[in-house]
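Before any comments, here is the structure.
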Amino acid sequence: MAYVATQAADARLNVEIETEGMTLNIGPQHPATHGTLRLVARLDGEQVVEAEPIMGYMHRGYEKLAEVRTYPQVTTLINRIDWLGSFANEVPFILAAEKLMEVEAPPRAQWIRTALFELSRIANITLFLGDMAVQLGALTPVFMAFRDREFVLNQIEAVTGGRFHPNFDRIGGIKDDLPQGWIDDTKQAMEKIRDFCDEFEELVLGNEIFQARSRGIGIVPPAVGLSYGLSGANIRASGVDWDLRRDGHEALAYDQVDWKVWTHPDGDSFARYWVRLQETREATHIVDQLLDGLPSGPIMAKVPRIIKVPAGEAYAATENPLGEMGYYIVSKGDLVPFRVKIRSASFSNISITPWLLKGVYVPDIITILASLYFILGDIDR
């Protein structure tokens, strides 16, 4: 009886001092979320029991705004979805509209379009390479990223007139041809980006603290990643050899140059960083080849001055810096789209977080969010 009484007293004491798990709000203002996101994490000590991303703080209604804009005006809107994506944002919408009009841009326009697309990828991912490092505590790389990214933005601006929002792509081609001396200047910028990648290979990937914080953290099995709709470097870092630049069927010049799709078998945060670093270096070689083989000829197909898209439906998707970005356009034969549905990469990138964050420790939340790489404007479209 004495033993039973002792055990009962211990049980009562445990019930009295037992505390509920802590709820940790990350955001809706937080520097590690690339915009305005709220993440509600329920903790058991330092371990995440449940995590829920709450989106919608930056919703700007692009899909509905496109219904009251003419087709040429829509490019001004979609420039701002992934605000780091620059020219790459415009391309899938223009390709979808060209499908509806049964128009194809001339070869020279396709090659310039592809080169600017890859420059946008470099400018975007370069910033990621510095940003993820600073979120894990390394301050120097982000300054180096901002420094060298300027060389690429200078070249985009020299052609389009815009650094962040070029508004340069057109149905049937592009707005202007390349300025004099631009090709040589761009090749020099590509050399600087390759040097940047070599530096980061040693400075960040070779850093033992970075490896300890990222290896084995946030592992995404290939089947799980595909079921959540992951694309781009996030799914290639899980060993899935899939890239719309090679495997898609859009009218771009990727099949005219020699390049490699990079994958990594580990599927963790380190692998996602590693793949993006290799892809940045690979993109510089793609740009060099495109500029060396640039065909002559016109930069615009014959299209009406007033764009009136025939009735029908079309979908076009491209391998944007954050992953697959697709536009599904429904036309009723008017000057404006009847309906536009946007498939943004960031929405899928963030959708896996409830599954991925379960069971990790609090510091790993920031590592995983950084490695998935999403832009909030690309989510709340």
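See the values below:
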{"read-out": "Exposure of Met132 as accessible area (Å², to 10), given a probe of 1.4 Å and all protein chains", "value": "0 Å²"}
{"read-out": "Amide H partners (placed H, <5 Å) of Leu43, local residues excluded", "value": "Met22, Thr23, Leu24, Val49"}
{"read-out": "Along principal axes, Cα extents of the chain, largest first, whole Å", "value": "97, 49, 32"}
{"read-out": "Per residue solvent-accessible surface (Å²) - the stretch 223-341, probe of 1.4 Å", "value": "42 Å²"}
{"read-out": "Of the trypsin sites (Lys or Arg not before Pro) in the stretch 70-113, those whose Cβ has at most 11 other Cβ within 10 Å and which sit in DSSP loop", "value": "none"}
{"read-out": "Degrees separating the helix 182-203 axis from the principal Cα axis of the chain, which is the longest one", "value": "20 degrees"}
{"read-out": "Accessible area (Å², per residue) of the stretch 95-147, counting only protein heavy atoms and a probe of 1.4 Å", "value": "30 Å²"}
{"read-out": "Folded to 0 to 90 degrees: helix 140-160 orientation relative to the chain principal axis, Cα", "value": "20 degrees"}
{"read-out": "Surface share of carbon and sulfur [accessible, 1.4 angstrom probe, percent] for the stretch 282-381", "value": "59 percent"}
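The values are calculated or read from the model by the stated rules, or taken from the named source; none is laboratory data. Bear in mind that the values here come from a model prediction, so they are computed numbers and not experimental data. Because the Cβ atoms are built from the backbone with ideal geometry, glycine has one as well, and the counts that use them run over all protein chains shown. For the accessible areas, the whole protein counts, side chains as well, though only heavy atoms, and no ligand, DNA or RNA atoms are used. Shrake-Rupley method; radii C 1.70, N 1.55, O 1.52, S 1.80 Å.
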